[in-house]
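Input: a single structure, listed below in structure tokens.
Readers should treat all values here as calculations from the given coordinates under stated rules, not as data from a laboratory. Worth saying up front: this structure is predicted, and the values here are computed from it rather than measured. Positions of Cβ are backbone-derived with ideal geometry, glycine not excepted, and every protein chain shown enters the neighbour counts.
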Number of protein chains: 2
Amino acid sequence: MDRHSHQPIKKVAITGGTHGNELTGIHLVRAFQSDPRRVERESFETVPMLTNIGAIERVTRYVDKDLNRTFSLSALEDYSGTAYEDALSKVINQRLGPKGAGETAIDLVVDLHTTTSDMGLSLVLSTTDPLSWQIAAYVKEKMPEVNIFRWKGDTGDVSFVSSIPPHGLTIEVGPIPQGVLRADMFFGTERVVQTILDYIEAYNRGEVDFYTEVEIYDHVALVDYPRTEQGEITAMLHPDIQDNGYVRIEKGDPLFVTLEGKTVPYEGDEPRYVLFANEAAYYEKGFALCLTDKKSIAL
Amino acid sequence: MDRHSHQPIKKVAITGGTHGNELTGIHLVRAFQSDPRRVERESFETVPMLTNIGAIERVTRYVDKDLNRTFSLSALEDYSGTAYEDALSKVINQRLGPKGAGETAIDLVVDLHTTTSDMGLSLVLSTTDPLSWQIAAYVKEKMPEVNIFRWKGDTGDVSFVSSIPPHGLTIEVGPIPQGVLRADMFFGTERVVQTILDYIEAYNRGEVDFYTEVEIYDHVALVDYPRTEQGEITAMLHPDIQDNGYVRIEKGDPLFVTLEGKTVPYEGDEPRYVLFANEAAYYEKGFALCLTDKKSIAL
């Protein structure tokens, strides 16, 4: 970001229910819709919006496929898909984008998620957009308990809701089961949202500091559970990893424990930090955890 | 139970996946199927069995309706239902029962469940069968950390899987999200199963003590979340209750917190103990928690 540019942010969307069984964002959006003053700021408009309304109604992650993997430019230009989410993604792209257009309906989106993994309060960024990273650095300064994860699961053409407008971040909080509300996670998520809105207000007034670096957990690799040839899981997360978000592991440390009780160690040569361990929705995607590097990056 | 009767137990079923997204029981049953010696005893046969195989395949609680509410005698005699579980329940009744018959395929069933609620390791009994209660008392003696919950949600005609053969218990462990395995819950559930099998082996040999009383949590009432007239939840479990299974509450203690942050107190005149607080599957059933009395009952 050019530290002297101050293209103002006019419209911010707070989106919930991109996964229909992650109740925290859904109920937070509904609370903001009932009382818009709760997210009101002077210099911009805040739009609380539910995204996967079909999945929300069913209290399932999705109806036919993961909505949060349908917003790549190539997917948005493909009209052949028959899934509910293939249609819905075009509708949401109109309401938040269109993605890649010079003029978009929304300038910045904050997409609200939860996870069964011990991620605490976290931000997930999959963008190189400088403003999104300045926001993340501000949140980290104001709320040091928040961790920042840089996702590289997509290569280039990012498919998240947060990738539709020019600026976007995802909030991930956990551990919390699917289909459940927890007061601590609910109000914790709101604190992150309010901090982001505070930054945007200050940014619009030209009253922000420019951050030159921030500490992140950087995506290195996804690791699956040990499985049989038929795909059945044969081991679980080791208790040293479970409930121990952001834990550092090195070669030989316990990683899994088989259904018979045998420990399976981490075999990598490099020490890593473990994120997104034991997220329910990732069993079908085929990964048990994400290995990351902890580093400071220049902004 | 007549303490001198020793009608031997010949066949014990360990059932998992009655709810298809409760992975602990499913994987424990599969582990027992792969290595039957793990649950082998000299005096009886152990049959590990998956029940709602359609829901297991989908990783959902059920396909069309809750299988664990389909085993009342009246439901089993009704052939008009079109749900998957209406058909499946008749099949399972043949394999474990038939319920109410003088001769049943299985003598005793242990049905394995998990909950998102902080229930720890628990047994749920909905029967007056003396042998089932002797087993529960034995488990409580050997594993004092296990709590016993007497369920009275059904009136008379019990509809659980555990009600099909003459003798039956349900194991409930939590907190654990739906769709997730945890090593502690997995091996904790197995410890309870092994303890039950140990009792049955001793019982068949006539080597058991007769318990005359046991401490239980006795079902008093189900309490729903505060909701709008349209059924939308307006409050969450208060943090004093969340993660605090079996907590004693009295009039004026915090029970819920609204989405705006206002505390809603418990209004009952009688002190109670809170169980099954914040179970994901009970949002749709319309209850947030179960109020119970803690008491010692005569066996």
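Of the residues B:SER80, B:SER162, B:SER34, the one that moves most in a GNM of chain B with alpha-carbon contacts below 10 Å is B:SER80. Sorted shortest first, the separations between the B:ASP64 label point and its copies elsewhere in the assembly read 2.4 nm; each point sits 7 Å from Cα along the Cα-to-Cβ line. Computed as a quarter of the hull surface, the mean projected area of the alpha carbon convex hull for the protein assembly as shown stands at 28.9 nm². For chain A, the Kirkwood radius over C-alpha pairs fed into Stokes-Einstein at 20 °C and 1.002 mPa s yields D = 108 µm² per second. Report D for segment B:75-183 in µm² per second (integer): Stokes-Einstein, Kirkwood Rh on Cα pairs, 10 °C, 1.306 mPa s. D, rounded to a whole number, is 105 µm²/s. Can you list the residues of segment B:218-232 with backbone N under 14 Å from a point 7 Å past the Cα of B:LYS152, pointing along Cα to Cβ? Output list for this probe position: B:218-222. Between A:VAL109, A:VAL12, A:VAL264, the Gaussian network model of chain A with springs among Cα atoms under 10 angstrom shows the greatest mean-square fluctuation at A:VAL264. Modelled spin labels at A:VAL91 and A:GLU270, positioned 7 Å past Cα toward Cβ, are 4.3 nm from each other. The two copies B and A are related by a rotation, and the chain B beta carbon nearest its axis, with distance in whole angstrom, is B:PRO177, 2.
Structure remark: mean-square fluctuation, Gaussian network model of chain B, C-alpha springs under 10 Å; the largest value among B:MET185, B:MET236, B:MET49 belongs to B:MET236. Modelled label positions at A:ASP198 and A:ASN244, each set 7 Å beyond Cα in the direction of Cβ, lie 3.4 nm from each other. Other residues within the sphere of radius under 11 Å centred on the Cβ of A:LEU67, judged by their own Cβ, net out at -2 (K and R +1, D and E -1).
Ranked from shortest, the separations from the 7 Å Cα-to-Cβ label point of A:GLN33 to its equivalents in the other copies are 4.2 nm.
For B:LYS262, the distances from its label point to the matching points in the remaining copies are 5.9 nm, ordered from shortest, with each point set 7 Å beyond Cα toward Cβ.
Each Lys or Arg adds one and each Asp or Glu subtracts one; over the other residues with Cβ under 15 Å from the Cβ of A:THR82, this totals -2. Taking a straight line from the alpha carbon of A:LYS65, these lysines sit under 16 Å away, with near neighbours fewer than eight places off in the same chain left out: A:LYS90, A:LYS285. Reducing segment A:77-132 and segment A:164-235 to their Cα centroids gives an inter-centroid distance of 13 Å. Counting only DSSP beta bridges with both residues in the protein assembly as shown, what percent are antiparallel, rounded to the nearest 5? The antiparallel fraction comes to roughly 55 percent. Ignoring lysines fewer than eight residues from A:LYS10 along the same chain, the ones with Cα atoms less than 21 angstrom from its Cα are A:LYS99. Straight-line cross-link reach from A:LYS262 at under 22 Å between alpha-carbon atoms covers these lysines, not counting any fewer than eight positions away in the same chain: A:LYS251.
Set the Förster distance to 45 Å, then compute FRET efficiency between A:GLU229 and A:LYS295 from the Cβ-Cβ distance, nearest 0.05.
Working: r = 37 Å, r/R0 = 0.83.
Rounded to the nearest 0.05, the efficiency is 0.75.
Along its principal axes, segment B:216-294 has C-alpha extents of 35, 25, 22 angstrom, given from the largest down.
Translational diffusion coefficient, Stokes-Einstein: compute it for segment A:166-299 using the Kirkwood radius over C-alpha pairs as Rh, at 37 °C and 0.692 mPa s, and state it as an integer in µm² s⁻¹. Rounded to a whole number, D works out at 188 µm²/s.
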